[in-house]
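Please read the structure below before turning to the comments.
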Amino acid sequence: MEHESYLLLTHAYFDGELDASASRELERHLLGCPDCEAELDELKNARANFAALAKAPVPFGFKEKVMRRVWDLAPSPAPKERGHWLDWLGLPAWELAAALSVTLLVGFYFAFDYASARTQRSENALQISLGYDSAGDYAMEETNDEL
């Protein structure tokens, strides 16, 4: 195995990720290689330094000061433009106009059709009540009731 491979293995060895045979091979290499041994010592010192930092007290209000600084340095979002009140439909103006026109035409058609049918029914009812048949002829029987 080349020297660079052993340097990379020191990190895995330090984290306890190597199996027993790879660990023994690296330990034998460490006995004769001062560079790899120095790398392992640096890792041990870094862990000790980080452990000491974890025990350092944090001053009161530190988090609030940091967050205020972050918010001060962060770019503010651009103001949102107010769109037209019809923009929420998501339709171009011509499609909206076409849909409205079709809706109105269909509405007028049914409204006038209903009105004409109602008028026709009224006329039929009037003719029947006056005694006319469907052809418009007077259908009432004349009765000669003489006293």
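Readers should treat all values here as calculations from the given coordinates under stated rules, not as data from a laboratory. Note that the coordinates shown come from a computational prediction; the quantities given were computed from them, not determined experimentally. Here the Cβ positions follow ideal geometry from the backbone for every residue, glycine too, while neighbour counts run over all protein chains shown.
For Leu43, the shell of other residues with beta-carbons less than 12 Å away shows a net charge of -3, using +1 for Lys and Arg and -1 for Asp and Glu.
Taking each residue as 0.36 nm, the span from Phe62 to Glu42 lengthens on full extension beyond its C-alpha to C-alpha distance by 4.2 nm. Return the FRET efficiency for the residue pair Asn49, Ala12: r is the Cβ-Cβ distance, R0 is 22 Å, and the value is rounded to the nearest 0.05. Result of the calculation: an efficiency of 0.60. Near Ser21: Cβ cut-off under 13 Å, other residues only, Lys/Arg at +1 and Asp/Glu at -1. The net charge is -1.
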